[in-house]
1. Under the condition of being in contact with a Lys or Arg (Cβ under 9 Å, 6 or more places away or on another chain) and not aliphatic (A, V, I, L, M), which residue from the stretch 79-109 is modelled with the highest pLDDT?
2. Residue 132 - would you say it is open to solvent by less than 40 Å² (accessible area, probe 1.4 Å), touching a residue at least 60 places away in the same chain (Cβ under 8 Å) and part of a helix (DSSP H, G or I)?
3. Give the number of residues within the stretch 138-152 that are over 15 Å from residue 52 (Cα atoms) and surrounded by 20 or more Cβ atoms within 10 Å (Cβ to Cβ).
4. Among residues belonging to the stretch 135-151 that are in a helix (DSSP H, G or I) and touching a residue at least 60 places away in the same chain (Cβ under 8 Å), point out the one that is farthest from the chain's Cα centre (by Cα).
5. For the stretch 28-38, what are the residues that are open to solvent by 10 Å² or more (accessible area, probe 1.4 Å), part of a helix (DSSP H, G or I) and not basic (Lys, Arg)?
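The values are calculated or read from the model by the stated rules, or taken from the named source; none is laboratory data. Note that the coordinates shown come from a computational prediction; the quantities given were computed from them, not determined experimentally. Methodologically, a virtual Cβ is constructed for each residue, glycine included, from the backbone with ideal geometry; neighbour enumeration extends over all protein chains shown. Ligands, DNA and RNA are stripped out before the accessible areas are found, and what is left, the full protein with its side chains, is counted by its heavy atoms. Shrake-Rupley method; radii C 1.70, N 1.55, O 1.52, S 1.80 Å.
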Amino acid sequence: MILTYYIMFSPCLFPLMQVPLPVRLQIFLETLGVKRSIVHSVPHHLSLPVCVTCYWLTHSNPKPTLQYLQALVLGMVYGELCRLAKNGDSAASCPEVKAVQEQLCRLRVWRNDRQGLNVGAAHLYSQWQASLQITNILNRLLCCPLPEPDCSWLYSGTFVHRVVRELNSGVYPESLLCGSILPGQLYRDLMGAAHSAVAPDFFSSKKKQRNKKPDKQQQREAEKRRVSETPKAQPCHDINNRFSVLELEDED
C-alpha cells in the first residue's frame with residue numbers, strides 16, 4: 001500500500017522503471033479490483049479494456065443489465081473484426097468472418113434510423129468510457145504493465161445503442177455471430193472474463209418482496225389519519241390542476 005501511495009501521488013520520487021513488471025501489474029490489478037486470471041483469459045491487447053469492463057460492472061451506478069454488457073462486448077468483437085480487416089490480417093479474409101463483420105456493420109444506427117436516445121444506456125456507457133480514460137492514465141503512470149489499447153476499435157456508440165435495442169427485443173447475441181468460429185470464440189472469452197469478476201447471480205432479476213397487507217386495525221387507523229388530515233372540500237370550480245403533462249419527443 002505504501003508503494004502504491006508513492007507511485008500514485010509522487011511519481012517523480014520513485015523510479016518506476018526499476019519496479020519489476022509483475023509488481024506493477026499487481027498494483028494495477030489491485031487498484032481496479034481485478035483478478036490476475038482475467039488478464040490471461042483474453043487476448044493480450046484486449047486485457048486492459050476487459051479489466052475496465054470488470055471494474056465498470058462492479059462500480060457503475062445503476063448496475064448494468066446483462067444486455068448492456070452483451071452489447072458492449074459485441075462492440076469490442078465488431079471493432080476487433082474491423083481492426084483485423086484494416087490491418088490485412090489473414091483471419092479477416094475468411095468469407096465467414098467477412099460475413100459476420102458485414103452483418104454487425106448493418107446494426108449501426110444511421111441518421112434515418114434514429115429512434116431517440118436511450119438515456120439509461122448513454123449514462124452507463126459514459127461511465128465505461130470515463131473508466132477507460134482513467135485506467136489508461138493509470139497504466140501509463142505504471143509504465144504500461146498492460147498493452148495500451150487502440151481505443152478507436154473498442155467502442156462505437158451508434159453500434160452499441162442499436163445492439164441494446166436488438167437485444168431488448170429478444171435477439172440473442174450468439175445469433176449475430178453465427179457462421180464463423182473466430183468472432184464467436186472471442187465473444188465467449190470476453191464474456192467469460194467479465195462474468196468471472198461478478199457473483200453468479202449478479203445479472204439475475206430479483207423482484208422486491210411486497211410488503212404485507214396491513215391488518216384491519218392498521219387500516220382503520222390509517223383511514224382516521226387520512227380523514228383528519230384531509231382539508232375541507234372546495235367547490236369544483238376552485239380546483240385547479242397544478243401539474244402539466246411532460247412530453248418527451250424523440251429526436252428526428
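1. So, considering only residues that are in contact with a Lys or Arg (Cβ under 9 Å, 6 or more places away or on another chain) and not aliphatic (A, V, I, L, M), the one modelled with the highest pLDDT is 89.
2. yes
3. 1
4. Going residue by residue through the stretch 135-151, those that are in a helix (DSSP H, G or I) are 135-141, 151.
Right, trim to touching a residue at least 60 places away in the same chain (Cβ under 8 Å) and you get 135-136, 138-139, 141.
On the way: 135: 15, 136: 17, 138: 20, 139: 20, 141: 25 Å.
Residue satisfying both the conditions and the ranking: 141.
5. Within the stretch 28-38, the first condition is being open to solvent by 10 Å² or more (accessible area, probe 1.4 Å), and the residues that meet it are 30-37.
Remaining after also requiring part of a helix (DSSP H, G or I): 30-32, 36-37.
Correct list: 30, 31, 32, 37.
Per-residue answers, yes or no, for (1) more than 20 Å from residue 157 (Cα to Cα); (2) part of a loop (DSSP other than H, G, I, E, B); (3) among the acidic types (Asp, Glu); (4) modelled with pLDDT under 95:
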| site | (1), (2), (3), (4) |
| --- | --- |
| 23 | yes, no, no, yes |
| 56 | no, no, no, no |
| 64 | no, yes, no, no |
| 70 | no, no, no, no |
| 77 | no, no, no, no |
